[in-house]
Structure formats: C-alpha cells, structure tokens
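Inspection log for the structure reproduced underneath, given as structure tokens.
The values are calculated or read from the model by the stated rules, or taken from the named source; none is laboratory data. Bear in mind that the values here come from a model prediction, so they are computed numbers and not experimental data. As a convention, Cβ positions derive from the backbone with ideal geometry for all residues, glycine included, and neighbour counts pool all protein chains shown. All accessible areas refer to the heavy atoms of the entire protein, side chains included, with ligands and DNA or RNA removed. Shrake-Rupley method; radii C 1.70, N 1.55, O 1.52, S 1.80 Å.
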Number of protein chains: 2
Amino acid sequence: MRIGFIGLGIMGKPMAKNLLAADFDVTVFDLNTAAIQELAALGANPATSPAETAEGQDVIFTMLPAHPHVEAVLFGENGVAETVKQGAIVVDMSSISPVYSKQFAAQLAEKGVHFIDAPVSGGEPKAIDGTLAIMAGGQPNIYEKAYPALEAMGGQIILVGDTGSGTTAKLANQIMVNVNIAAMSEALVLAAKAGIDVEKMYQAIRGGLAGSAVLDAKVPLILERNFVAGGRIDINAKDLTNVLDTGSALGVSLPLSGQVLEMYEEMKAEGKGADDHGGLVQHYEKLAGIKVQKEVNAK
Amino acid sequence: MRIGFIGLGIMGKPMAKNLLAADFDVTVFDLNTAAIQELAALGANPATSPAETAEGQDVIFTMLPAHPHVEAVLFGENGVAETVKQGAIVVDMSSISPVYSKQFAAQLAEKGVHFIDAPVSGGEPKAIDGTLAIMAGGQPNIYEKAYPALEAMGGQIILVGDTGSGTTAKLANQIMVNVNIAAMSEALVLAAKAGIDVEKMYQAIRGGLAGSAVLDAKVPLILERNFVAGGRIDINAKDLTNVLDTGSALGVSLPLSGQVLEMYEEMKAEGKGADDHGGLVQHYEKLAGIKVQKEVNAK
C-alpha cells in the first residue's frame, strides 16, 4: 500500500513514523520542512505540496488542526484533489465537525475518491506508542482497505458508522474529556480550600464511581504544577466550538460544554491557550485564591 | 469490639450484615422494624432506640440520609449522647457537610466521646460485597481503633486527614460523579441525535481519556432504559446542595455542580427524584426530542 501523509505536528509526526516502522511506503508533507526532513531520514519520501504527496497513492492521510486546514490541503491550490487517483482513499484523522466530514466526502466522491473520517483519542503518548483509539466513519469495504494502515497507528480501532460517525464520536469524546476535567477541577479546588490533603483524597476516591482516565492522567500533573500540553486548551476550545455548533445544528442543549468553552476562552485571553487542558484548574484556583499542590496540602 | 449500628437502609443494611459476618457483636436500630428483624435473624441484637443501641458499645456507626437525621439520632430524645460511654467512638458514615461533621465531633468531645467522619462510595453493590471506598477524617489513633470494623465493610479505606476530611472528600467525589454523569449525558444525546450507534461509540471511546467509572456503570443501563436506583437523584441533589453550601462558605466557585443541581431539582419536580442519577440523560433527551437506546440506534 502506497501512502501519503499530510500534517506532521505533535500527533501526525509519530503517527507517520509508525507507518514507516510498519514498512509502508510513505510520502510526507508539512509546512514545517524540518518535520519532513526528520521523517525522510527515517525512510519517508519528502514532498513539496499536498498535490505531490497525494499523486499515485492508495491512501492519503490528513492530520491537521481544524477544518479550514483540511479544506485547503484537499481542495486548495496544489491540493490533494488536483492529483489524487480515482479509487484512492482519503482518511482525515483531524478532529473537525461531522458537517465538514460529510462535505469533504461528497466533494471527493465527485472525483471517484473515497473518504473516511477517523479522528483519534489518546494524545501524544498513544500516538508514539501506536496505540491510539481510532473512531472511524465511512463505508465498511473502504474502511477495511485502509485498516492495515490504521492498525499501525491505533490500539482500539472501531468503525462507528457512516461518514461523519467518526468525527461525531470524537465530539462526544471531547465533551466528556473536557467536562470531566472541569468536574475534577471543582472537586480539587473545593478540597484544597477546605484544607485537606488532595493527594490522599485522590487515592481514596480514584477506585470508586468518581474514578476516570482524566483523574488518573491529570491529578499527578496538577500536583506537580505541570501544565505542559498534552492536549492544548486552544485546541480543545476549538473542539468544544465544533461541539456547540453541531449541537446547535441538531437541536441539542449542551450547557456544561458551553460553560467549559467559556472558561477556555477566558484562559486563552489570559495567554494560557497553549497550556494543557488540565490547566483549567488554574481558572478555579484564581477565583478561590488557592493552589492545588503537594507542598501546600501535605502535612 | 462491641458495635452499635444505626440506619439500616439500602446501604446500612448490607454494611451491618458484613459486620455480623466478620463476627462482631452488633446491636442495630432503624425506624423500619422489619430491617431490625432481618438483622436480628442473622444474629444482631435488636434495639428500640438510638440510646439503647449505643449503651455500652465501643463503636457506634450511623448511616443516615442527611445531617438532620444524624443530629436527631446523636443528640435528640433517646439519642446516642444519652447513653454512650466515655471513650467510645462514633463513626458517622452518612454523606453530610463537613460543617456538621466538625460540629458533631465538638459536641461529642464534650462528653469524652471520639468522632470519625467516614462516608463511603461505591453504592449498594459494593456495600453488599464489603468493598466500599471509605474516606475517613479524624485522629489517627482513634481511626486505628475503629479500623477492624471499617475493614469488614470497605475495600479501599483511607484516612484523608482531620475531622471533616472524610465528608469533604465525599463532597469532592460527588461533584465528579454527578458532573461526569452530565458530561456523559451531553455526549450520548448529541451522538444519538446525530444518528450514530451509541453502543459502538461507547466501545470506541471507553478506553481513552473520555473513559470513566461513570461511563462503564451507566451506559449499559441507559441503553436498556434502566433507571432503577442505584444512586437516587434526590439523594445526589442533597449531596450537591451540601457541595454548594460548602463552596459558598469557603469561597469556591462551582458552576458546573450548580448547573447539575438545577437539572436534578427540575427532575425532582417532575417526579423523577427516585430515579438513578444516570437517569439525568432523560433531562437532555426531553430537550433534544430523542432517546438514547439500543433499538433506535442499532442498524
């Protein structure tokens, strides 16, 4: 299988590396030429545009920040659509609104090109390990053709349904991740302000119904005051904007998602957009006049 | 160790049974005499009042709905305080505000009686199995004396800190449980309204950062439209009221907890207060005009 891969950022770079490690023939492109060179040194074919990346490939992956980037890479000047061969599969692994997944799928179908939306969850660590959760939408026979390449990047890979099902599942995923982070923040700041040992409390409750992947991933980082992303606040704010746009289009009330987005927008305005989303705890801390940390709360 | 146990409800009854199974001498009381008889048939000594339950005991457990019940049982007519011996330990396992835990501890201290606040998490199944998460607050030497009895009821038992630390940890726990349920509800209803297979989506995301104990406990029940409590909405509303009272007293902003409490109050007004808190999804479904269920979303 000949593969094109466009978007070598925090997530895309290790994902492309895992395709190379699985012995696929991979052509890569990014606006950051240093990232192209890094992959080329590992055996990738360097390209100078999305069009060149796509030419002659069986599957073209895109892993980009938001839907305008995907649109430009697919349909802009020197875009994928100029060169992609009939019967090829475009797999967009970016986190975008299902509205755009369906639009891109329709535009590509006019050229006889297939489309799978396949956003991921798990962050940089799982991108590096090749154990990402991949939630896909599209036709089963097309999904099966792309599956061997997805398998090189993912741990848990599930075809959720038709086109747009993958990006919808990712929106649902992002609601839970970010609202769970806010729930954790309210709990930690209340406990810290009450003067109890937050680390002991975490140990006491993590095995019960309050337990979550968010709690286990973020509490140790918060106690060390480590807000290096990880999952950036500005990227998660973009996801929650897509959540609310989709909710508005479908007529679904999402008050907690809206409230967390407001907090993220405030933090972006304060220059904290590049912080990890676990850094949301700082928003609550500022209002409460306290910090959740080991030193303060330890006996 | 001679034990008194007051409050034989959904939680208290199996907890008292586990104390009997561990060969403690247990005297029991509840307003529901059938529950007393059920325990007496298993070897407990039946009592006719809190005062009679407490007389001569080393440790007196209370497991009651809210702080007024605890106050009445401890300090009301025929209450524990009338008969409890000096040096005894009152262990209140109810979920109440730490404000009251501290007040009760101070009142008992005047009589030379010790106090531990030790609320639990894990619900009826873990109460039956004797594997509750128990988060305790109080003096370490007193906690250690009560520990053998706690061990008969709990799986994970942790002394979080001084008096009130257990009830504070429980409030933090309830914030996360209930806000995580709301987050799940927003995610499930958005996905269902978008027409995707919610069960497949759940399988796709449960292993990632969106994963939680709430998700694993509640999604299967929601898909089967099973809202039998479990954790009742009205009891969790009481817990969130304690959360907001405590936040207000300490100066901690808790907007998501407040919003979930509002939804619970609406559901109580609609006669759904006895539903499981996983039934919160119905609030979102009503607004979206859809139901999250197997039949509707399955292909």
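For this structure, a couple of remarks:
- Cβ-derived FRET efficiency at R0 30 Å, residue B:203 paired with residue A:1, nearest 0.05: 0.70
- Sequence-ordered 3J(HN,Hα) estimates for the stretch A:203-217 from the Karplus curve with 6.51, -1.76 and 1.60 and θ = phi - 60° stand at 5, 6, 10, 5, x, x, 5, 7, x, 6, 4, 4, 4, 5, 7 Hz, glycine and proline given as x.
- Pairwise burial A:B, computed as accessible area of each alone minus the pair, summed, 1.4 Å, Å²: 5500
- The protein assembly as shown: Rg to Rh, with Rh as the Kirkwood radius over Cα pairs: 1.06
- Pairs of Cα atoms nearer than 8 Å and 6+ residues apart set the relative contact order; for the stretch A:24-150 it is 18 percent.
- Counting all C-alpha pairs of the stretch A:2-163, share separated by more than 18 Å (%): 52
- Rounded accessible area per residue of chain B, 1.4 Å, Å²: 36
- Each DSSP beta bridge with both residues in the protein assembly as shown is either parallel or antiparallel, and the antiparallel ones are about 20%.
- In this calculation the C-beta distance from residue B:31 to residue A:287 is compared with R0 = 41 Å, giving a FRET efficiency of 0.45.
- Each 5 Å bin from 0 upward holds the following percent of the Cα-Cα pairs of chain B: 1, 6, 12, 15, 16, 15, 12, 9, 7, 4, 2, 1, 0, 0.
- Burial order of peptide ranges A:100-113, B:113-126 (average beta-carbon count within 10 Å, highest first): B:113-126, A:100-113
- Working from the Cα coordinates of the stretch A:168-288, the gyration tensor eigenvalues give, after taking √(5λ), semi-axes of 25, 16, 13 Å in decreasing order.
- Between this copy and the others, label points of residue A:216 are 0.8 nm apart in ascending order, each placed 7 angstrom from Cα in the Cβ direction.
- Between copies, residue B:85 shows label-point distances of 9.0 nm, shortest first, with the point placed 7 angstrom from Cα along Cα to C-beta.
- Of the accessible area of the protein assembly as shown, computed with a 1.4 Å probe over protein heavy atoms only, carbon and sulfur atoms account for 51 percent.
- Computed helical MRE - 222 nm, chain A, DSSP H runs ≥ 4 contributing -39500 (n - 2.57), nearest 500: -16500 deg cm²/dmol
- Annotation: amide H of residue B:5 within the under-5 Å range of B:27, B:28, B:29, B:61, sequence separation 5 or more or interchain, hydrogens built in the peptide plane.
- Of all residues in chain A, the one whose Cβ lies closest to the rotation axis carrying A onto B, together with that distance in whole Å, is A:212, 2.
- Label-point spacing at residue A:125 relative to the other copies reads 2.6 nm, in ascending order, each point sitting 7 Å out from Cα along Cα→Cβ.
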